[in-house]
Amino acid sequence: MLPYVLLAPAVVMELLIHIIPMFVGIWMSFVRLTKFFLANWSEAPWAGLGNYRLAVDVNSSIGRGLLMSFGVTLAFSICALALSWGLGMAAAIALQQPFRGRGVVRTLFLVPYALPAYAGILTWNFMLQRDTGLVNHVLADNLHLITDRPFWLLGGNAFASIVTVAVWRLWPFAFLTIMAGLQSIPTELYEAASVDGANNWRQWRSITLPSLRPVNLVLVLVLFLWTFSDFNTPYVLFGTAQPPAGDLISFHIYNASFLTWNFGSGAAMSVLLLLFLLVVTAAYLLITNRRSRRA
Amino acid sequence: MRETTPFKAFRAVVIAVLGLFTLIPLYAMITAALKPLRDVQGNFTWWPSSLTTAPFVDMWSTVPLARYFANSVIVSVSATAASVALAILAAFAVSRFTFRGRSVFTTTVLSTQMFPGVLFLLPLFLIFTNINSATGIQLVGSRLGLIITYLTFTLPFSIWMLVGYFDSIPRELDEAAMVDGCTPLGALWRVVLPAARPGVIAVAIYSFMTAWGEVLFASVMTNDANRTLAVGLREYSTQTNVYWNQIMAASLVVSIPVVVGFLLAQKSFVAGVTAGAVK
């Protein structure tokens, strides 16, 4: 009896905030849930697959918008994931051996991750302003690379901006995780490899990477899921402007739902997002499991 | 690995590039907070034309920052306390007992951690609105709604991390305590918890950071009276003026508690994350 009593509070909260809302969300995606039915939802008319048809119809503006947002999000996610992992790995390797000031550098690298999301993103918003921002000042006045100051938060440049900001906040997490993974690699392996004449690059490829495999597998998946459903970065960076090049899918669904108060189609988009993430996660786990079994 | 010359060069480049990448925004934030308003409204300058602490004074009156601060403290502290308590009980059950439904519980709870927040936003909004009209308990536009949302969002990872910690504490210790007359809960309180203290601290910091920084639900579920910092800081941009110096001053002030807390407990945090990951 006791374990169930201990679990009960956590289960109740999970049911109330996670499980039930998920089923309610699925139900919502099948009804025509507009503003008029929010308070008496039981009377909302059944829509069948109508909300889904609308969301995937690329000839309508809603469907096209969702598809564009999906493409942007996928590109964003891959760029942010690759850069965060690469920077995290480089920093973890650079800091693997003790040297004077290592603790200070490590602490500094972790600050962007520790900052509240909105504080960091607001700072970037400030730096990316066209006329008053640091980025254009450096490019135009300090380095003289450009004469026309570009907009960074509007138009096509919004993509580069949002990737940069997301990587700034996220790479320390990759660094932290890889650093922890490195600690579990026995130093004898490196010593033996050195005796055999393997250089550092060779040691990284033959010892570090294979030993980090379990850590990397989880890290890549987590980074992908986080970046793909990132809401904070576009919301705080762009506010009400919503440039198409920075229209990440969570932000898109949020705006689509609360601008029109059409919760039915918003819920359908959310369910599609969930299905996509589930399929990707399942495929990822399947492929990586098969590979490790073969190895 | 050997400290060859190429490796030393690699290390120097990595530290320089990433150091600049990290430091420049922090520098921009700190100096902007010390600039007079005209400095942040004209072309960017690396150094304030005159150093001033006025933004740190004015920020409290431009926007009801103290109220937002208090709301954030109440919401984050309550959500953290509740989340840690619930996670301890659940993790103890998972770590120390075998019971039917144990693996169903752990996989279900963990998988909810993977789902995007926006998935829960619309249904929760609808559920909270209807609970409100049915029972009169206000959950949209109240701190209570945010507290229960945040505490649940941090539960899965907290439970996972604590199970890892509890598993690393030998069962013989709580069995010995029970032989001495402790109940299982007594053993949790007297033996397991003290030994798992770094894990509990890590979980508390993780929960607090999550609640303190959450934007999505805060933007939908709060109104003027119970707005948290995550949304309130946007109010420094009005139609006529953007008080960037005050925004940066306020960002700095609201960041200090979490950054200091995180950096102080860095070690337990890393240990906690890996305790779970190594399993």
Margin query: Taking the criterion of being surrounded by fewer than 16 Cβ atoms within 10 Å (Cβ to Cβ), within 13 Å of chain A (Cβ to nearest Cβ) and either within 27 Å of the chain's Cα centre (by Cα) or not polar (S, T, N, Q) (or both), would at least one residue in the range B:46-69 satisfy it?
Written below: yes
Notebook entry, point to check: Conditions: (1) within 30 Å of residue B:7 (Cα to Cα); (2) free of Cβ contacts under 8 Å to residues at least 40 places away in the same chain. Residue A:48 meets all but one. Number of the miss?
Noted result: (1)
Notebook entry, point to check: Which ones in the range A:199-218 are more than 30 Å from residue A:281 (Cα to Cα) and at the interface with chain B (Cβ under 10 Å from one of its Cβ atoms)?
Noted result: A:199, A:200, A:201, A:203
Note to self: Contact list please: Cβ distance under 6 Å, first residue in the range B:115-128 and more than 7 Å from chain A (Cβ to nearest Cβ) and touching a residue at least 12 places away in the same chain (Cβ under 8 Å), second residue assigned to a loop (DSSP other than H, G, I, E, B) and surrounded by 22 or more Cβ atoms within 10 Å (Cβ to Cβ), pairs at least six apart or on different chains.
What the structure shows: B:128/B:139
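Yes/no matrix, rows are residues, columns are (1) closer than 17 Å to residue B:7 by Cβ; (2) polar (S, T, N, Q):
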position: A:187; (1), (2): yes, yes
position: A:213; (1), (2): no, no
position: A:229; (1), (2): no, yes
position: A:235; (1), (2): no, no
Notebook entry, point to check: Within the group A:42, A:84, which residue is within 13 Å of chain B (Cβ to nearest Cβ), farther than 30 Å from residue A:203 by Cα and out of contact with any Pro (no Cβ under 7 Å at 6 or more places or on another chain)?
Noted result: A:42
Next item on the list: Check whether at least one residue in the range B:131-146 is facing chain A (nearest Cβ under 8 Å) and within 21 Å of residue A:8 (Cβ to Cβ), and report yes or no.
Entry: no
Checklist line | First in the range A:150-171 and charged (D, E, K, R), second anywhere and part of a helix (DSSP H, G or I), Cβ under 6 Å, 6 or more apart | finding: A:169/A:112; A:169/A:120
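A quick yes/no check of all residues on (1) closer than 22 Å to residue B:91 by Cβ; (2) among the hydrophobic types (A, V, I, L, M, F, W, C); (3) more than 23 Å from the chain's Cα centre (by Cα):
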{"site": "B:167", "(1), (2), (3)": "yes, no, yes"}
{"site": "B:219", "(1), (2), (3)": "no, no, no"}
{"site": "B:230", "(1), (2), (3)": "no, yes, no"}
{"site": "B:239", "(1), (2), (3)": "no, no, yes"}
{"site": "B:258", "(1), (2), (3)": "no, yes, no"}
Next item on the list: Identify all residues within the range B:169-189 that are surrounded by fewer than 16 Cβ atoms within 10 Å (Cβ to Cβ) and either over 18 Å from residue B:86 (Cβ atoms) or among the small types (Gly, Ala, Ser) (or both); write none if there are none.
Entry: B:170, B:171, B:172, B:173, B:175, B:176, B:178, B:179, B:180, B:181, B:183, B:186
Next item on the list: Pick out the one residue from A:80, A:55 that is of a type in the set (A, V, I, L, M, F, W, C), closer than 28 Å to residue A:180 by Cα and part of a helix (DSSP H, G or I).
Entry: A:80
Next item on the list: Specify the residue that is surrounded by the most Cβ atoms within 10 Å (Cβ to Cβ); the eligible residues are those in the range A:87-113 that are part of a helix (DSSP H, G or I) and basic (Lys, Arg).
Entry: A:106
Check: Got a sec? Which of B:163, B:104 is more than 10 Å from chain A (Cβ to nearest Cβ), without any contact (Cβ under 8 Å) to a residue 40 or more places away in the chain and under 18 Å from residue A:10 (Cα atoms)?
Finding: B:104
Check: How about the range A:87-119: which of its residues are in contact (Cβ under 8 Å) with a residue 40 or more places away in the chain and more than 7 Å from chain B (Cβ to nearest Cβ)?
Finding: A:88, A:89, A:92, A:93, A:95, A:106, A:113
Next item on the list: Examine the range A:114-125 for a residue that is assigned to a helix (DSSP H, G or I), surrounded by fewer than 23 Cβ atoms within 10 Å (Cβ to Cβ) and β-branched (Val, Ile, Thr), and state whether such a residue exists.
Entry: no
Next item on the list: Would you please name the residue that is surrounded by the most Cβ atoms within 10 Å (Cβ to Cβ), looking only at residues in the range B:190-199 that are in a helix (DSSP H, G or I) and aliphatic (A, V, I, L, M)?
Entry: B:192
Check: Residue check: is residue B:24 facing chain A (nearest Cβ under 9 Å) and surrounded by fewer than 21 Cβ atoms within 10 Å (Cβ to Cβ)?
Finding: yes
Next item on the list: Evaluate the range B:200-212: report whether one residue or more is over 23 Å from residue B:85 (Cα atoms) and part of a helix (DSSP H, G or I).
Entry: no
Margin query: Can you list the helices (runs of 4 or more DSSP H) lying wholly within the range B:1-84 that have 2 or more residues being free of Cβ contacts under 8 Å to residues at least 60 places away in the same chain and more than 27 Å from residue A:170 (Cα to Cα)?
Written below: B:5-32, B:54-62
Next item on the list: Filter the range B:200-217 down to residues that are facing chain A (nearest Cβ under 9 Å) and not β-branched (Val, Ile, Thr), then give me how many there are.
Entry: 5
Margin query: Conditions first: (1) surrounded by fewer than 19 Cβ atoms within 10 Å (Cβ to Cβ); (2) at the interface with chain B (Cβ under 10 Å from one of its Cβ atoms); (3) in contact with a helix residue (DSSP H, G or I) (Cβ under 8 Å, 6 or more places away or on another chain). Residue A:222 passes all but one, so which condition is the exception?
Written below: (3)
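Coordinate-derived values only; no laboratory data. Just so it is clear, the model here is predicted, and its values are computed rather than measured. Here Cβ is always computed from backbone atoms with ideal geometry, including for glycine, and neighbour counts include all displayed protein chains.
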